[in-house]
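What follows is a short report on a single structure.
Quick note: the coordinates plus some simple rules give every number you see, no bench work behind them. All of these numbers come straight from a predicted model, not from anything done at the bench. All Cβ positions, even for glycine, are placed from backbone atoms using ideal geometry, and neighbour counts span all protein chains on display.
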């Protein structure tokens with residue numbers, strides 16, 4: 001599995017911690033906005 | 001948004017106990033939980049053996065199309081300046097309806113190129129390699 005530039009970004013829905021609370025976020029709720037997705041290994045790691 | 005395989009509960013503790021000490025008020029974007037790596041798998045950045053997502057970064061435009069991606073292995077961090085530069089460049093291209101494109105090293109205010117028959121073989125007249133730097 002994987003993605004490429006020029007393709008539709010796969011939609012997803014997941015729990016998140018946002019501005020002090022828990023919230024379900026959905027990528028497609030951000031349509032009409034620029035979005036940066038940053039994956040990273042884990043909280044409390046060093047880099 | 002930032003995504004790891006940690007739960008949203010761990011994200012809360014991290015934001016409140018560490019991130020908020022580096023950035024006043026904590027980071028202003030959602031910390032998304034990808035427990036199980038389903039989202040990372042969709043984007044090709046989930047490492048099943050380690051059970052974590054590697055450092056994948058995607059710029060998605062207002063139509064939901066991926067315009068840029070970068071993938072780093074865990075021990076090296078990203079360059080936020082470069083992310084912002086790419087975002088500004090893609091936004092510029094979109095604003096001009098693709099009539100202007102951004103050559104190497106482009107930043108707002110630097111030379112843009114207008115693709116067309118007249119530019120073929122003539123890029124050297126309007127753009128110098130020194131512009132690729134700084």
Quantify how strongly other chains surround peptide B:73-84 by giving the mean number of their Cβ atoms within 10 Å of each of its Cβ atoms. 2
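Residue by residue through B:43-51, how many Cβ atoms from other chains fall within 10 Å of the Cβ on average?
Rounded to a whole number, the mean comes out at 3.
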Mind sorting B:92, B:8 by how few other Cβ atoms lie within 10 Å of their own Cβ, fewest first? B:92, B:8
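Once the Cα gyration tensor of chain A is found, what semi-axes does its equivalent ellipsoid get, as square roots of 5 times the eigenvalues, in whole Å, sorted largest first? Before the final figure, lay out the partial values.
Values: eigenvalues 91, 61, 20 Å².
Here the semi-axes work out to 21, 17, 10 Å.
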For helix B:80-95, report the angle its Cα long axis makes with the longest principal axis of the Cα atoms of chain B; keep it between 0 and 90° and round to the nearest 10°. 50
Could you give the semi-axes, largest first, of the ellipsoid that matches chain B, computed as the square roots of 5 times the alpha carbon gyration tensor eigenvalues and rounded to whole Å? 37, 17, 14
Cα gyration tensor, segment B:81-132 - rounded (a/c under 1.5), prolate or oblate: oblate
According to the square roots a ≥ b ≥ c of the eigenvalues of the Cα gyration tensor, what is the shape class of segment B:2-76, taking rounded for a/c under 1.5, prolate for a/b larger than b/c otherwise, and oblate for the remainder? oblate
Which one, B:68, B:89, B:50, has the greatest fluctuation when you compute a Gaussian network model over chain B with C-alpha springs under 10 angstrom? B:50
Test of understanding: what is the full-extension gain from residue B:49 to residue B:94, defined as 0.36 nm times their sequence separation minus their Cα-Cα distance? 12.3 nm
When 1/r is averaged over all different Cα pairs and the result inverted, which Kirkwood radius in Å belongs to the protein assembly as shown? 18.0
Note: residue A:8 to residue A:46 extended length (0.36 nm per residue) minus current alpha-carbon separation gives 10.5 nm
